[in-house]
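Undergrad: Take a look at this one; I'll ask things after.
Just so it is clear, none of the values below were taken in a lab; they were calculated from the coordinates. Here the structure is a predicted model, which is why all the values come from computation and not from measurement. Quick reminder, even Gly has a Cβ in these numbers, built from the backbone with ideal geometry, and neighbours come from all protein chains shown.
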Amino acid sequence: MKTTVSIISIALFAAGCASMGGAPAGPKATANLAPTKGNSASGTVAFAQMGDTVRVSGTVSGLKPNAEHGFHVHEKGDCSSGDGMSAGGHFNPLGKPHGLHSGTERHAGDMPNLRADSYGNATFSVEMKGLSIGSGVTDIVGKGLIVHRDPDDYKSQPVGNAGPRLACAVIAKS
């Protein structure tokens, strides 16, 4: 009996320690990027809430090889226009200026540029503050996700001079 109680106690202690390793798993969302008219960029992006950050990860193909491409959450979950313009401007619920994705003075939708390899593929994983999944003013569910032709310069207002939209998706809770 003592051995059984000890084994159960050890198992519960180990499970408790394992769960303390990081932020609890929270809501998740996905976006399936489709090319805008005349373009070939497409991919899948996953979003996972981890405490006060959102991990954004995925792959995009069909990009200009060895180039950087602007990447943003946009205000409308609408990809109905052929050029992606129906997704509106950058998601900016807090009324901040456009800026560097790691700064505090930026649109909620400002994310790091995607870097395509020599085959035109970009694989990425970044943790973002200032976004949420499923609740609050910074909730990205139902918003648009856009990949641009050019790199974001992180300073030109209001959108970083990232050029035409190559791919569009609507972010959906998963």
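Undergrad: What's the lysine pair count for the chain at a Cα cut-off below 22 Å, pairs eight or more apart or interchain?
TA: 18
Undergrad: Additional query: Charges only on Cβ, +1 for Lys and Arg, -1 for Asp and Glu: so what's the dipole of the chain about the Cα centre, in debye to the nearest 20?
TA: Details: 15 positive and 13 negative charges, 69 e Å.
Using Cβ point charges on Lys, Arg, Asp and Glu, the chain gives about 340 debye.
Undergrad: Report the one residue of 109, 34, 67 whose Cα lies farthest in the direction of the positive end of the charge dipole of segment 23-173 (charges on C-beta: Lys and Arg +1, Asp and Glu -1; origin at the Cα centre).
TA: The residue sitting most towards the positive pole is 34.
Undergrad: Mind listing the long-range amide H neighbours of residue 81? Cut-off is under 5 Å, sequence gap 5 or more, other chains count too, H placed in the peptide plane at 1.01 Å from N.
TA: Amide H neighbours of residue 81: 86.
Undergrad: Moving on. In terms of the ratio Rg/(2.2 N^0.38 Å) built on C-alpha atoms, what value belongs to segment 86-161? Mind dumping the intermediate values first?
TA: Details: Rg = 12.8 Å, N = 76, 2.2 N^0.38 = 11.4 Å.
Here the Cα radius of gyration is 1.12 times the empirical estimate.
Undergrad: So how long is each side of segment 23-173 along the principal axes, counting just the alpha-carbon atoms, biggest first, in Å?
TA: 38, 30, 28
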